[in-house]
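Here the structure is laid out as structure tokens; the discussion comes afterwards.
The values are calculated or read from the model by the stated rules, or taken from the named source; none is laboratory data. Since this is a predicted model, take the numbers as computed values, not measurements. Counting neighbours? That spans all protein chains shown, and the Cβs are built from the backbone with ideal geometry, glycine included. Surface accessibility is based on the protein's heavy atoms, side chains included, excluding ligands, DNA and RNA. Shrake-Rupley method; radii C 1.70, N 1.55, O 1.52, S 1.80 Å.
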Amino acid sequence: MKTLMSFALCDGCLAGYSGVEGLTHACASLGCDGLEVICDDRYGGPLPEHGLVIGYHLCFWPDWLDFWQGNEQALLRKFGSRDAWVSFYGGETREALLRYYRADLARAERLGAHYAVFHVSDASIEEQFLYQWKHTDEEIIDGAADLLNEVLDGREPPFPILLENQWWPGLRLTDPALTARLLARVRCRNKGILLDTGHLLNTNPALRTETEAAAYIHHILDLHGPLAAQIRGVHLHCSLSGAYVQAHTGILPPDLAEDYLTRYGQNYAHVLQIDRHLPWTDPAIAGVLRQISPEFLVHELAGSGRPEKEQAVRIQAETLKNGGLTPENGKSGWR
């Protein structure tokens, strides 16, 4: 198993490491085999040395299905003008998404990634506040499979495509039939599931403790039976935000802006309160990893800067050690 740290490849984030060399040293000091990166398409700086990037997180739009389906009435309602949504998606038709994803996959290949992550969900800003959904899980799963199939256009990628769960509609990993539906509809052979533990916990606002959270993940894995073997990677972080969700959803904020990008920023602050990306501190999570035995384990943790994020990685690694999981030779693999 490869143990990784998540990293956003952009000028601001890289500056905290004094460039690629500093990032390489930091990764090694944390006992990680490499990085899972997401790349700002505007980034034109130095790229990590070949071998450091193990995982590549493809770009994503939280709200994309209406654009994919060409539903201009819905887009005008949400964005306020055609110019706003054309600017947001980078074009007037679904071809804009296809171009972007194809370029992103090509970047992952140039970086030598061992896998690529693809989000499967859709929720508008209003839906993310109201928790009232316009599209069904089935509709989003089918649309995501169609999008990915068109991006690949019959080409088998050089690495597995790992499909990531969310708590918004789409792949939530709470219904094995829907998980199977997605896997059946994505036509490439080299594919699997990327389990995001925090996202899965966000599907159950009743959870309050990490012990309950680990038990819930075990329950979902048991529910999936043989399908759980399709989980090839894990984004490891904890999110126990049920009290916030119960208190701050079901109604639109009275100060929600008219301008789409301003409203998007307001919503992003709301999402960060739900999806917290905190380190696990209860060793019960080690049992979840034993049950899955993933190929890739990513410390996907939040931090306001380099020291805070690296401390979060250390805390989570220590939690796994306390649960009886120790890296072999300080690097990849667990015993």
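What to note about this one:
- Subset of segment 51-79 (residues that are open to solvent by 20 Å² or more (accessible area, probe 1.4 Å) and either touching a His at 6+ places or on another chain (Cβ under 8 Å) or polar (S, T, N, Q) (or both)): F60, Q69, N71, Q73
- Residues within segment 245-260 that are in contact (Cβ under 8 Å) with a residue 60 or more places away in the chain and either under 30 Å from R290 (Cβ atoms) or part of a loop (DSSP other than H, G, I, E, B) (or both), tallied: 9
- Pairs where the first residue, in segment 164-181, is among the β-branched types (V, I, T) and the second is open to solvent by 10 Å² or more (accessible area, probe 1.4 Å), C-beta under 6 Å, 6+ apart: T174/T203; T179/L227
- Test result for R107, closer than 22 Å to Y260 by Cα, open to solvent by 10 Å² or more (accessible area, probe 1.4 Å) and either assigned to a helix (DSSP H, G or I) or in contact with a strand residue (DSSP E or B) (Cβ under 9 Å, 6 or more places away or on another chain) (or both): no
- Any chance Q291 is more than 25 Å from F129 (Cα to Cα), polar (S, T, N, Q), assigned to a helix (DSSP H, G or I) and at pLDDT 95 or above: yes
- Only one of H248, H277 that is more than 15 Å from L201 (Cα to Cα) and at pLDDT 95 or above: H248
- Every test in (1) surrounded by 15 or more Cβ atoms within 10 Å (Cβ to Cβ); (2) part of a loop (DSSP other than H, G, I, E, B); (3) modelled with pLDDT of 95 or more is passed by S332 save one, and that test is (3).
- In segment 33-48, the count of residues that are free of Cβ contacts under 8 Å to residues at least 60 places away in the same chain and touching a His at 6+ places or on another chain (Cβ under 7 Å) is one or more.
- Residue that is surrounded by the fewest Cβ atoms within 10 Å (Cβ to Cβ) [pool: residues in segment 110-134 that are modelled with pLDDT of 95 or more and in a helix (DSSP H, G or I)]: L130
- Hits in segment 278-288 - residues which are surrounded by fewer than 21 Cβ atoms within 10 Å (Cβ to Cβ) and either among the hydrophobic types (A, V, I, L, M, F, W, C) or closer than 14 Å to C27 by Cα (or both): L278, A284, A286
- Look at segment 145-156: where a residue is in contact (Cβ under 8 Å) with a residue 24 or more places away in the chain and a partner is surrounded by fewer than 16 Cβ atoms within 10 Å (Cβ to Cβ), sitting 6+ places away or on another chain with Cβ atoms under 7 Å, you get A145/R185; N149/R187; V151/R102; L152/C188; E156/C188; E156/R189; E156/N190.
- Residue in segment 94-108 that is within 30 Å of H248 (Cα to Cα) and within 16 Å of the chain's Cα centre (by Cα) present: no
- A residue that is open to solvent by less than 10 Å² (accessible area, probe 1.4 Å), β-branched (V, I, T) and under 30 Å from L152 (Cα atoms) occurs nowhere in segment 262-277.
- Checking D83 against (1) in contact (Cβ under 8 Å) with a residue 12 or more places away in the chain; (2) open to solvent by 30 Å² or more (accessible area, probe 1.4 Å); (3) of a type in the set (D, E), the condition it does not meet: (1)
- Counted residues, segment 226-244 - those being free of Cβ contacts under 8 Å to residues at least 60 places away in the same chain and either in contact with a Cys (Cβ under 6 Å, 6 or more places away or on another chain) or of a type outside the set (G, A, S) (or both): 6
- Hits in segment 228-240 - residues which are open to solvent by 40 Å² or more (accessible area, probe 1.4 Å) and either within 23 Å of L147 (Cα to Cα) or assigned to a loop (DSSP other than H, G, I, E, B) (or both): Q230, R232, L240
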